[in-house]
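Working notes, beginning with the structure itself.
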Amino acid sequence: MFIVLVGTLVSILGFRGKTAKSPPLEVFPDMDRQAKYKPQVVNDFYADNRADRLPVQGTALRGNGLNLENVFSPTPIFGSVEFRTGKTSDGQWVLNIPKEADIDLSLMRMGQEGYDIHCAICHGKYGNGLGVTSQFGLAPRNLSDPSQSGSYLESAAPWPDGQIYNAITHGSASQIMLGLKDKLNPRERWAIVLYLRALQSYVGGATNSEEKGKDS
Ligand code: HEC
């Protein structure tokens, strides 16, 4: 009895917290695993041995996960080149947020929400580059505060709206900041540009008036 008891206790409690290389004995698999093909793998089922399939011949992509309306609509709306890319058809930056973005207060709110979710952690709540990550050696660009030295977008070399839109779409040149084209649709990206402009005039206005105060 004693040996059985010790054996049971050790087998239940004795190895808790230990890691093992071999997979555990599974009485019930609990849906831990799923039979599926991962991207870019071989699948003998098809003549070309590729698990990834091309779209059916003669079909065209209409919309994606970000704009489902287009998928089923008989009259899909794609927006102009300017609206989608931030560039004109001859490759120049779009100077101002395109009218198609429907600029109003709701766009500003959308931009605030988007900025707080996607940008504030690095660039700071007010866009001055002092987000949480800046305390850990990352140097996000100062986007709003002209009183700080460095790369204030407005004073160093004014960035047109399209260029900021492009940075949100594709990320920064060094790719420390990643693009968000897979997470935000064009209107949501323009919304962030709009909010960033508001931050710039707010922070810029505040620091300018402080400096004026000092002078007088
Ligand atoms: C992971 C942190 C991080 C996040 C999140 C982030 N940025 Fe950046 N951003 C940076 C860094 C760092 C730079 C400086 C350029 C570099 O080193 O890549 C930068 C540069 C920029 C630039 C200048 C682009 C360039 O090529 O220099 C703009 C504009 C900008 N960010 C806007 C935004 C906006 C708007 C968002 C939110 C949609 C955002 N960033 C989110 C870290 C971030």
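The values are calculated or read from the model by the stated rules, or taken from the named source; none is laboratory data. What you are looking at is a predicted structure, and each value in this text was computed from that prediction instead of being measured. We place every Cβ from the backbone using ideal geometry, glycine too, and count neighbours over all the protein chains shown.
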Looking only at the range 118-148, filter to residues that are in a loop (DSSP other than H, G, I, E, B), small (G, A, S) and near the ligand (Cβ under 9 Å from one of its atoms); which one of those is farthest from W190 (Cα to Cα)? A139
Could you tell me whether the range 106-119 includes any residue that is modelled with pLDDT under 95 and charged (D, E, K, R)? no
Only one of V71, V81, V94 is touching a helix residue (DSSP H, G or I) at 6+ places or on another chain (Cβ under 6 Å) and of a type in the set (A, V, I, L, M, F, W, C); which? V94
Within the range 165-191, can you find the residues that are under 14 Å from R84 (Cα atoms), near the ligand (Cβ under 9 Å from one of its atoms) and among the polar types (S, T, N, Q)? N166
May I ask you to list pairs of residues, at least six apart or on different chains, whose Cβ atoms are under 7 Å apart, with the first in the range 103-126 being without any contact (Cβ under 8 Å) to a residue 12 or more places away in the chain and the second being within 14 Å of the ligand (Cβ to nearest atom)? A120/G131
Looking at the range 57-98, which of its residues are at pLDDT below 90, exposed (fewer than 10 other Cβ atoms within 10 Å of the Cβ) and not in a helix (DSSP H, G or I)? T59, A60, L61, G65, P74, T75
For P39, only one of the following conditions fails: (1) under 16 Å from W190 (Cβ atoms); (2) part of a loop (DSSP other than H, G, I, E, B). What is its number? (1)
Over the range 16-46, the set of residues on the phi > 0 side of the Ramachandran plot and over 30 Å from the mean Cα position of the chain (by Cα) is G17, D30, M31
Is there any pair linking a residue in the range 156-179 that is polar (S, T, N, Q) to one that is assigned to a strand (DSSP E or B), with Cβ under 6 Å and at least six apart or on different chains, and which? Q163/W93
Looking only at the range 27-39, decide whether some residue is loosely packed, with under 10 Cβ neighbours inside 10 Å and within 30 Å of D102 (Cβ to Cβ). no
Checking F136 against (1) of a type in the set (F, W, Y); (2) modelled with pLDDT of 95 or more; (3) over 13 Å from G86 (Cβ atoms), which single condition isn't satisfied? (2)
First in the range 192-207 and within 14 Å of the ligand (Cβ to nearest atom), second anywhere and hydroxyl-bearing (S, T, Y) and modelled with pLDDT of 95 or more, Cβ under 8 Å, 6 or more apart: I192/Y115; V193/Y165; Y195/Y115; L196/Y115; L199/Y115
